[in-house]
Amino acid sequence: MNQYTELFHQYHSQIKNPSAGILNAVRDEAMKRFEAMGFPPSGSEEYQHTDVGAWFAPDYALNINRQPI
């Protein structure tokens, strides 16, 4: 979890500057909730049969500076 929050805070201005204000507000609130709650535990009723860790296993290679791929 720390790697995601650290990346978010490290590149916050680069993420924020090209985005609309309403998206920034929603994104910031979502990160606050994620930092407070973390990933759902495996026994959580809502995520009981979901392997949340598998969503984050691949390296998605963030393209913060919007470089051509």
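The values are calculated or read from the model by the stated rules, or taken from the named source; none is laboratory data. As the structure is a computational prediction, the values presented were derived from the model and not from experiment. Neighbour counts run over all protein chains shown; Cβ positions are idealised from the backbone, glycine included. Areas reflect the complete protein model, heavy atoms only, side chains present, ligands, DNA and RNA absent. Shrake-Rupley method; radii C 1.70, N 1.55, O 1.52, S 1.80 Å.
Of all residues in the stretch 49-62, how many are farther than 16 Å from THR5 by Cα, open to solvent by 60 Å² or more (accessible area, probe 1.4 Å) and modelled with pLDDT under 75?
1
Name the single residue, out of those in the stretch 22-43 being open to solvent by less than 80 Å² (accessible area, probe 1.4 Å) and at pLDDT below 90, that is nearest to ALA57 (Cα to Cα). Don't jump to the end; show me each part of the working.
Initially, the stretch 22-43 is screened for residues open to solvent by less than 80 Å² (accessible area, probe 1.4 Å), giving 24-25, 27-28, 30-31, 34-35, 38-40, 43.
Going one step further and asking which of them are at pLDDT below 90, we end up with 38-40, 43.
On the way: GLY38: 16, PHE39: 13, PRO40: 16, GLY43: 20 Å.
Here the answer is PHE39.
List the pairs whose first member sits in the stretch 13-38 and is under 23 Å from VAL52 (Cβ atoms) and in a helix (DSSP H, G or I), whose second member is among the hydrophobic types (A, V, I, L, M, F, W, C) and open to solvent by less than 80 Å² (accessible area, probe 1.4 Å), and whose Cβ atoms are under 7 Å apart, counting only residues at least 6 apart or on separate chains?
ILE15/ILE64; MET31/PHE8
When PHE8 is evaluated against the numbered criteria (1) part of a helix (DSSP H, G or I); (2) open to solvent by 60 Å² or more (accessible area, probe 1.4 Å), which criterion, by number, is the only one it fails?
So PHE8 meets the others, but not (2).
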